[in-house]
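None of the figures in this text is laboratory data; all of them are computed from the coordinates on show. Remember, it's a predicted structure, so these values are computed and weren't measured experimentally. Counting neighbours? That spans all protein chains shown, and the Cβs are built from the backbone with ideal geometry, glycine included.
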Amino acid sequence: MRRYGVKNPNTEALKAYKDQGIEFYICGQNLGFFNLPAKDLAPEIDISISAKTALITLDQLGYTYMNVKED
């Protein structure tokens, strides 16, 4: 509620996904770059040192990166 004055509409979905074992990460460097305090994140979101760190670690665990950006 801090940023827009309304409840985050994604909170319930994040909780449901987290309960099913899905993990959420955000890039710590972006938090700093955009001056976003960690206390404003949903508790279901973990902070990675960097996006690259998370991607490399997850790759080593057998996950695959899939770019869903449309060109």
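For Y63, indicate whether it is loosely packed, with under 10 Cβ neighbours inside 10 Å and either of a type in the set (K, R) or in a loop (DSSP other than H, G, I, E, B) (or both). Spelling it out, it is not the case that Y63 is loosely packed, with under 10 Cβ neighbours inside 10 Å and either of a type in the set (K, R) or in a loop (DSSP other than H, G, I, E, B) (or both).
Listed here are the residues, each with its yes/no results for (1) surrounded by 10 or more Cβ atoms within 10 Å (Cβ to Cβ); (2) among the polar types (S, T, N, Q); (3) over 14 Å from the mean Cα position of the chain (by Cα); (4) part of a helix (DSSP H, G or I).
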residue: A13; (1), (2), (3), (4): yes, no, no, yes
residue: I22; (1), (2), (3), (4): yes, no, no, no
residue: Q29; (1), (2), (3), (4): yes, yes, no, yes
residue: A54; (1), (2), (3), (4): yes, no, no, yes
residue: T57; (1), (2), (3), (4): yes, yes, yes, yes
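Residue pairs whose Cβ atoms lie under 8 Å apart, sitting 6 or more positions apart in sequence or on different chains, and linking a residue in the stretch 44-71 that is touching a residue at least 24 places away in the same chain (Cβ under 8 Å) and of a type in the set (A, V, I, L, M, F, W, C) to a partner that is surrounded by 14 or more Cβ atoms within 10 Å (Cβ to Cβ) and not in a loop (DSSP other than H, G, I, E, B), are I45/L14; I45/Y25; I45/I26; A51/C27; A51/Q29; A54/Y25; A54/C27; A54/S48.
Residues in the stretch 31-52 that are of a type in the set (A, V, I, L, M) and part of a strand (DSSP E or B) were compared, and the one that is nearest to the chain's Cα centre (by Cα) is I45.
What about Y63, is it farther than 25 Å from Y4 by Cβ and either touching a strand residue (DSSP E or B) at 6+ places or on another chain (Cβ under 8 Å) or not β-branched (V, I, T) (or both)? Taking the combined requirement at face value, the residue satisfies it. For the stretch 47-68, check the following and say yes or no: at least one residue is of a type in the set (D, E, K, R) and touching a helix residue (DSSP H, G or I) at 6+ places or on another chain (Cβ under 6 Å). Checked against the condition, which is being of a type in the set (D, E, K, R) and touching a helix residue (DSSP H, G or I) at 6+ places or on another chain (Cβ under 6 Å), the stretch 47-68 yields no hits at all.
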